[in-house]
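The structure appears below as structure tokens.
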Amino acid sequence: MIETHGLGKVYGRGLYALRDLTLTIDKGEFVFLTGPSGAGKSTLLRLLLLQERPTEGEVIVGGRNLARLSQTEVQAYRRTVGFVFQDFKLITSKTVFENVSFALRVLGLPVEQQRRRTYQVLKWVGLQHRLNSLPEELSGGEQQRVAIARALVNEPHLVLADEPTGNLDPDLSLEIMNLFREINAGGTTVVVATHDRELIKWVGRRVVQLEQGRLAGAEVPQ
Ligand SMILES: Nc1ncnc2c1ncn2[C@@H]1O[C@H](COP(=O)(O)OP(=O)(O)OP(=O)(O)O)[C@@H](O)[C@H]1O
Ligand SMILES: [Mg+2]
């Protein structure tokens, strides 16, 4: 699903955020990305999402070299990737339903299909009773579930999450991880960057450890 070859990203005057990273993540895998602050986790996710371009090396996703995509293909590619960030980035003036259905509207799906799919995914994250709430009326965990629903509504092949439980208490973190496990059980490849060792232990999947932009060691699933 994902291959990186000699991937490097340099910021400013020669600071390597990532250095010579060669990594394979199989289709359908659930992988944790961990390592100390500044190790390059978010940088790797940004490169996978094509928010930034590598300085060196290649990223291949689903057999396609991301550097070779045209502008139109980049847009299409991004729509096959769901992403969840720590600070949710929900649109504060829109309801839960609107926040989630937005991605489908952009795709130009018929309205009835938009409604059905949005309802389905909000039910799945347990928020079918909060469709008309505004983000500020929800708890942190509920907001995070809206962000996850939004990331999944157009059935991405790949889900990238950057510290998705960073603001949540342990119980909510486990709840969110369960959602990711369910997504993964449906065949979606999931990559989660986190510092949370307890969470990683609890979920028990492959761990990719970064240190100063390099691969520091990888554990195989149990
Ligand atoms: N836009 C940027 N400009 C300059 N340097 C950057 C930029 N983004 C990241 N860096 C640097 O790249 C390195 C890797 O940063 P990155 O955000 O990927 O780390 P991280 O592993 O996600 O850390 P954290 O756990 O704190 O989120 C850091 O040294 C950081 O300061
Ligand atoms: Mg980060």
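For the reader, a short list of remarks on this structure follows.
- Number of the exception - residue 66 against (1) in contact with a Ser or Thr (Cβ under 7 Å, 6 or more places away or on another chain); (2) at pLDDT 95 or above: (1)
- The set of residues in region 7-54 that are over 18 Å from residue 189 (Cα atoms), open to solvent by 20 Å² or more (accessible area, probe 1.4 Å), more than 16 Å from ligand 2 (Cβ to nearest atom) and among the small types (Gly, Ala, Ser) comprises 12, 14.
- Single condition residue 138 does not satisfy, out of (1) in contact (Cβ under 8 Å) with a residue 60 or more places away in the chain; (2) in contact with a Lys or Arg (Cβ under 8 Å, 6 or more places away or on another chain): (1)
- Test: residue 63 is under 21 Å from residue 161 (Cβ atoms) and either open to solvent by 20 Å² or more (accessible area, probe 1.4 Å) or of a type in the set (Gly, Ala, Ser) (or both): no
- Any chance residue 121 is assigned to a helix (DSSP H, G or I) and either among the aliphatic types (A, V, I, L, M) or open to solvent by less than 70 Å² (accessible area, probe 1.4 Å) (or both): yes
Every residue, every condition in (1) hydrophobic (A, V, I, L, M, F, W, C); (2) in contact with a Leu (Cβ under 6 Å, 6 or more places away or on another chain); (3) in contact (Cβ under 8 Å) with a residue 12 or more places away in the chain; (4) within 16 Å of ligand 1 (Cβ to nearest atom), yes or no:
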position	(1), (2), (3), (4)
152	yes, no, yes, no
161	yes, no, yes, yes
165	no, no, yes, yes
174	yes, no, yes, no
178	no, no, no, no
189	no, yes, yes, no
193	yes, yes, yes, yes
199	yes, no, yes, yes
212	no, no, yes, yes
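- Taking the numbered list (1) within 13 Å of ligand 2 (Cβ to nearest atom); (2) touching a strand residue (DSSP E or B) at 6+ places or on another chain (Cβ under 8 Å) in turn, residue 77 passes all entries but (1).
The values are calculated or read from the model by the stated rules, or taken from the named source; none is laboratory data. These figures come from a predicted structure and were not determined experimentally. Virtual Cβ from ideal backbone geometry, glycine too; neighbours counted across all protein chains shown. Note: areas computed on protein heavy atoms with side chains; ligands, DNA, RNA excluded. Shrake-Rupley method; radii C 1.70, N 1.55, O 1.52, S 1.80 Å.
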